[in-house]
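Beneath this line is the structure, given in structure tokens, with notes to follow.
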Amino acid sequence: MSELISPSFAPLCQAPDPEIRSPKIVFPAGAVDCHAHICGPENVFPYANERIYTPPDATLAQYNSLLTMLGLERAVLVQPSVYGTDNRALLAALKSNPKKFRGVAVMDSEPKNISDTQLEQLHAVGVRGLRCNIVDVADKSAGLPIQELTTLAQRIAPLGWHLELLMHVNEYPKLDQTFKDFPVDLVFGHFGYCHAKHGISDKGFQGLLNLMKDQKAWVKMTGPYRICDGNLPYTEMRSFNDAVIAANPKRLIWGTDWPHVMVKKQMPHDADLCELLGSWVFDESLRKSILVDNPCILYDFPAMNL
């Protein structure tokens with residue numbers, strides 16, 4: 001489940017918008033950015049030779065500044081694919097502030113190669129899930145590696161972890177049946193990564209909604225720019241937003257997706273993404289649930305003195 005492309009073909013990504021600008025929306029105390037990546041510095045944490053893109057350095061110091069600018073207090077850092085199974089940059093960030101950060105790591109795709117000691121060490125520093133990339137795989141003809149995913153899930157279940165899947169749910173019309181008896185909670189990034197052109201009636205997306213209704217899946221309300229053709233305010237994605245809210249608002253989390261790697265259209269400013277959340281989720285109690293309550297349940301954040 002790893003990317004296998006030579007770095008000579010790994011294009012340099014756009015950098016995030018550097019403008020210092022805070023959103024007008026005021027986030028509730030304890031709000032969590034549930035999807036961001038730390039990339040670099042490359043001279044300290046070199047990128048994997050086999051990768052599909054090359055990010056500009058997006059360091060922990062830069063990210064901490066971003067959180068301050070946006071008014072977010074906590075975050076979930078997700079292992080980016082450019083590091084493969086080398087979690088050193090992620091772990092260094094988690095150790096820098098255990099109360100502020102939680103993590104989602106990437107490990108060997110063969111569960112037998114993962115020891116209980118490794119899992120316990122990751123848990124101790126704040127990892128609460130593993131990420132599996134089903135999009136950028138070497139052999140897409142192999143289909144969904146459900147047995148491999150199930151075995152991996154069985155290994156992490158005793159820790160209370162979840163499995164985060166980067167996959168296009170529209171490619172799996174029987175998604176809800178495939179995962180109906182899965183051993184752990186599933187988290188789907190980017191609204192299920194179903195392009196807006198497929199519409200909310202797509203069988204795979206409907207399967208995702210069914211999993212949410214059955215308390216088996218969470219959805220990250222992230223990266224709308226990745227799954228529609230237009231720029232801000234990404235009007236094509238509004239129906240997807242409304243659909244996941246209707247399915248189960250207690251299974252929703254939100255994130256910036258900073259530093260927005262592999263964006264090939266207009267780079268969004270993070271303040272505008274925050275404003276977009278405010279316009280799509282205008283009920284303050286619902287926003288608190290998505291930004292504070294739900295992440296605390298899923299990622300096991302420590303209680304804050306609010």
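The values are calculated or read from the model by the stated rules, or taken from the named source; none is laboratory data. Keep in mind that this is a model prediction, so the values were computed, not measured. Note that each Cβ is placed from the backbone with ideal geometry, even for glycine, and that neighbours are counted across all protein chains shown.
Okay, here's what the table says:
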read-out	value
Some residue of the stretch 188-201 being more than 21 Å from Y299 (Cα to Cα), touching a Ser or Thr at 6+ places or on another chain (Cβ under 7 Å) and modelled with pLDDT of 95 or more	yes
Counted residues, the stretch 266-287 - those being closer than 11 Å to Y225 by Cα and over 20 Å from the mean Cα position of the chain (by Cα)	1
Enumeration of residues in the stretch 213-250 that are out of contact with any His (no Cβ under 9 Å at 6 or more places or on another chain), among the hydrophobic types (A, V, I, L, M, F, W, C) and either farther than 18 Å from N170 by Cα or at pLDDT below 95 (or both)	I245, A246
Residue selected from the stretch 166-180 under the condition hydrophobic (A, V, I, L, M, F, W, C) and part of a loop (DSSP other than H, G, I, E, B), by the criterion nearest to the chain's Cα centre (by Cα)	M167
Out of V219, V292, sole residue that is touching a strand residue (DSSP E or B) at 6+ places or on another chain (Cβ under 7 Å) and either in a helix (DSSP H, G or I) or among the small types (G, A, S) (or both)	V292
Failed item in (1) within 21 Å of K100 (Cβ to Cβ); (2) surrounded by fewer than 21 Cβ atoms within 10 Å (Cβ to Cβ), with Q266 passing the rest	(1)
Conditions (1) surrounded by fewer than 17 Cβ atoms within 10 Å (Cβ to Cβ); (2) of a type outside the set (D, E); (3) touching a Phe, Trp or Tyr at 6+ places or on another chain (Cβ under 7 Å); number of the one not met by M221	(1)
Strands (runs of 3 or more DSSP E) wholly inside the stretch 17-115 containing at least 2 residues that are under 20 Å from C132 (Cα atoms) and at pLDDT below 95	none
Matching residues, the stretch 227-240, being surrounded by 20 or more Cβ atoms within 10 Å (Cβ to Cβ) and part of a helix (DSSP H, G or I)	M237, F240
Residue among L149, L163 that is crowded, with 17+ Cβ neighbours inside 10 Å, of a type outside the set (S, T, N, Q), outside any strand (DSSP E or B) and without any contact (Cβ under 8 Å) to a residue 40 or more places away in the chain	L149
